1. Under the Kirkwood approximation applied to all pairs of distinct alpha-carbon atoms, what is the hydrodynamic radius of the chain in Å?
2. Quick check: at a probe of 1.4 Å, how many percent of the accessible area of the range 19-105 sits on carbon and sulfur atoms?
3. Show that you can apply the helix-only estimate: for the chain, add -39,500 (n - 2.57) for every DSSP H stretch of four or more residues, divide by all residues, and state [θ] at 222 nm to the nearest 500.
4. Using only Cα atoms, find the angle between the long axis of helix 59-71 and the longest principal axis of the chain, and express it within 0 to 90 degrees, rounded to the nearest 10.
5. What residue among PHE88, PHE28, PHE47 has the largest mean-square fluctuation in a Gaussian network model of the chain, using Cα springs under 10 Å?
6. Which FRET efficiency value, to the nearest 0.05, is calculated for THR5 and PHE28 with the Förster distance at 22 angstrom and r the Cβ-Cβ distance?
7. Report the extension gain between GLU14 and PHE62 in nm, rounded to one decimal, defined as 0.36 nm multiplied by the number of residues separating them, less their alpha carbon distance.
8. Count neighbours as other Cβ atoms within 10 Å of each site's Cβ, and list the GluC sites (Glu not before Pro) in the range 1-87 that are DSSP loop with at most 14 such neighbours.
Amino acid sequence: MTNDTDIWELRHGEALIGTLTIVDQDMFWYSAMFEPTPEYAAYRPIFEEGNRIRTADDADAFAAWQEKVRQLGLRLVRPRDQAVAGEFILYIDGNEADFRPRFDS
């Protein structure tokens, strides 16, 4: 990868939960390599739940899971321009992640 590699951080307050290094983008979705910090352990179960829901066709379960994620107060930050997404869909499976940030207009 070049110096133009796009990096995002998963944060809770000032705590760094993990780093997402973009490897691909398709429209509004990003695929990334995920590098967790020790703080990620507390969040792992909810993202494991998200992976189970992702493969199911259950809109109610997805909505409930998204609400759980929202209540955590996590945000995605892109350090190069300080873009912040407080609303997003994020699936983490081991060291791979897919996410779609939403920015308020």
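1. For the chain, inverting the mean 1/r across all distinct Cα pairs yields 14.1 Å.
2. Whole-percent figure for carbon plus sulfur exposure: 48.
3. One gets -7000 deg cm²/dmol as the mean residue ellipticity at 222 nm.
4. Between the helix axis and the principal axis of the chain, the angle is about 50 degrees.
5. Among PHE88, PHE28, PHE47, the largest GNM mean-square fluctuation belongs to PHE28.
6. 0.70
7. Length gained between GLU14 and PHE62: 14.5 nm.
8. GLU14
The values are calculated or read from the model by the stated rules, or taken from the named source; none is laboratory data. The structure presented is a predicted model; accordingly, all values stated were derived computationally and were not measured. Glycine also receives a Cβ, built like all others from the backbone with ideal geometry; neighbour counts cover every protein chain displayed. The area values use the complete protein model at the heavy-atom level, side chains included, leaving out ligands, DNA and RNA. Shrake-Rupley method; radii C 1.70, N 1.55, O 1.52, S 1.80 Å.
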